[in-house]
Amino acid sequence: MTFREDGHRAVEWAADYLERVGELPVLAQVKPGEIGARLPKAPPEQAEPFEAVLRDLDELLLPGVTHWQHPRYFAYFSGSAAEPGILAELLAATLNSVGFLWRTAPASTELELVVCDWVAQLIGLPPGWHGHIEDSASTSTLAALIAARHNTGRNVVVASEHAHSSVEKDARMLGMELRKVPTDDAFRLRPDAMELDDAAVVVATVGTTSVASVDPVPEIADRCAAVGAWLHVDAAYAGSAMVCPELRWAFAGVERADSLVVNAHKWMFTPMDCSLLWTSRPDEFRDAFSLVPEYLRTTDEGAFNLSEYGPALGRRFRSLKLWAVLRCFGREGLQAKIREHVRLAELFESWVRDEPGWELCAPPQFSLICFRREGSDEENEALLERVNAGGEIFISHTRLNGRYVLRLALGNVRTTEEDVRQAWDVLRDLR
Ligand SMILES: Cc1ncc(COP(=O)(O)O)c(C=O)c1O
């Protein structure tokens, strides 16, 4: 079998999958260990045809896939991959560029800078910021904390109690102290409760994980400026929504940030992984990371090595898939999808509000609805388990003010109004 024939089969497989993914159970209906037990314990001695891999993908692995590409995936923050991004991943693997120096990957390096600048324009950032791509928001924030510590010489990270757990994990990995700040009744960081005198960095969140609340970035920026603390903004989820001018109120003050992360793999329809990290202080950022041993020195004048801006040396050609998505959607295509998700979230919210026995638990924000059924925490948890076990939809939960709350997050490129109606029907039927 040749690469070309196997390739046709693989693309056929992908096209068939995307056509039928909506008929599969969203949440994998398997028990822990079940998939591993079906796989051979030892590697094959002899070469097998690629066809065997495709066959086992269907027979052995697919039952153990939770389908992020499913139009009724509403859990956590939905991250779906649009077709141009899927194809670009194949091409990136084909090229297998390893971008640690400009000369090892000139196109990858320069395209990465260009697409980050394109997205900066799309979401309304000031000109002149340096942007590059990391694997995840966890790594992007890790890099920001490193830059902050390097430049301030301080060791304290300040973030709200609703900041993503990656902030705490990053601080722990770095041996930095995390100071958690309480939030107001809309789950926003309270600037008056921040103690900043010895702070290296404040992480403000635009679109928190539990409720998509937006911290008051202008006030936080004022406080950071007063004490010389670094301001990092985590807009991993909501940042993509800034392509819509009517949602850009949420980015007020972000122009004063020292660094910012937005995950294109969350709400910009780009395959996992693709986390965009910008800094308004490129020289200071580079200063924290640049370390060029003799064997990596080159004579390329004006060359830009992205490995000097973050933890990784070898870097994938991630910009190709984002470039493909941006070109095949355009600003208008991205806006249309995001506006539709926000509209559907508002529709779902109105159903919850109007239905006796159901309750909204937080001000609805962007494409996330936090709600619960009348009754105890245990009853709501049992409802979530029933709903997810049915396989028609997949939702997740959080805890707000100590209470168990259901979350329905829209963001999948394939979700329609029909899917959201089905979600509501399932929830009401199984209540
Ligand atoms: C606000 C926020 N920040 C950071 C993260 C972590 O993202 P990643 O999985 O890319 O590390 C998440 C994940 O949902 C998030 O919601």
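The values are calculated or read from the model by the stated rules, or taken from the named source; none is laboratory data. Keep in mind it's a predicted model, so treat the numbers as computed, not measured. Ideal geometry is used to build each Cβ from the backbone, glycine not excepted, and the neighbour counts take in all protein chains shown. Keep in mind that these areas ignore ligands, DNA and RNA; they rest on the heavy atoms of the full protein, side chains included. Shrake-Rupley method; radii C 1.70, N 1.55, O 1.52, S 1.80 Å.
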Within the stretch 349-368, considering residues that are touching a residue at least 40 places away in the same chain (Cβ under 8 Å) and either in contact with a Gly (Cβ under 7 Å, 6 or more places away or on another chain) or within 19 Å of Phe77 (Cα to Cα) (or both), the one most open to solvent (accessible area, probe 1.4 Å): Pro363
Among the residues of the stretch 120-136, write down those that are of a type in the set (S, T, N, Q) and closer than 20 Å to Gly99 by Cα. Ser136
Can you give me the number of residues within the stretch 169-195 that are over 15 Å from Val206 (Cβ atoms) and either within 11 Å of the ligand (Cβ to nearest atom) or in contact (Cβ under 8 Å) with a residue 60 or more places away in the chain (or both)? 2
Being assigned to a loop (DSSP other than H, G, I, E, B) and surrounded by 20 or more Cβ atoms within 10 Å (Cβ to Cβ) is the filter here, so list the residues in the stretch 279-328 that pass it. Asn305, Gly310, Arg315, Arg316, Phe317, Arg318
Looking at the stretch 127-149, can you tell me whether even one residue there is over 19 Å from Ser290 (Cβ atoms), surrounded by fewer than 17 Cβ atoms within 10 Å (Cβ to Cβ) and away from the ligand (no atom under 16 Å from the Cβ)? yes
Does Glu381 count as in a helix (DSSP H, G or I) and more than 23 Å from Glu418 (Cβ to Cβ)? yes
If I ask for residues that are within 16 Å of the ligand (Cβ to nearest atom), under 14 Å from Arg256 (Cβ atoms) and part of a strand (DSSP E or B), which ones from the stretch 202-240 would you list? Val202, Ala204, Val206, Leu231, His232, Val233
Can you confirm whether the stretch 189-207 contains a residue that is in contact with a His (Cβ under 9 Å, 6 or more places away or on another chain), closer than 24 Å to Cys361 by Cα and open to solvent by 20 Å² or more (accessible area, probe 1.4 Å)? no
Could you run through the stretch 241-273 and say how many residues are surrounded by fewer than 18 Cβ atoms within 10 Å (Cβ to Cβ), in contact (Cβ under 8 Å) with a residue 12 or more places away in the chain and outside any loop (DSSP other than H, G, I, E, B)? 4
Yes or no: Leu276 crowded, with 24+ Cβ neighbours inside 10 Å and closer than 20 Å to Thr141 by Cα? yes
When Pro216 is run through (1) at pLDDT 95 or above; (2) open to solvent by 50 Å² or more (accessible area, probe 1.4 Å); (3) over 23 Å from Ser275 (Cβ atoms); (4) not β-branched (Val, Ile, Thr), the failure sits at (2)
Name, by its number, the condition in (1) without any contact (Cβ under 8 Å) to a residue 40 or more places away in the chain; (2) within 16 Å of the ligand (Cβ to nearest atom) that does not hold for Val119. (1)
Which of (1) away from the ligand (no atom under 16 Å from the Cβ); (2) at pLDDT 95 or above; (3) small (Gly, Ala, Ser) is the odd one out, the single condition Ser166 does not satisfy? (1)
Residue ID - farthest from Ala14 (Cα to Cα), chosen from residues in the stretch 241-290 that are away from the ligand (no atom under 16 Å from the Cβ) and of a type in the set (Val, Ile, Thr): Thr279
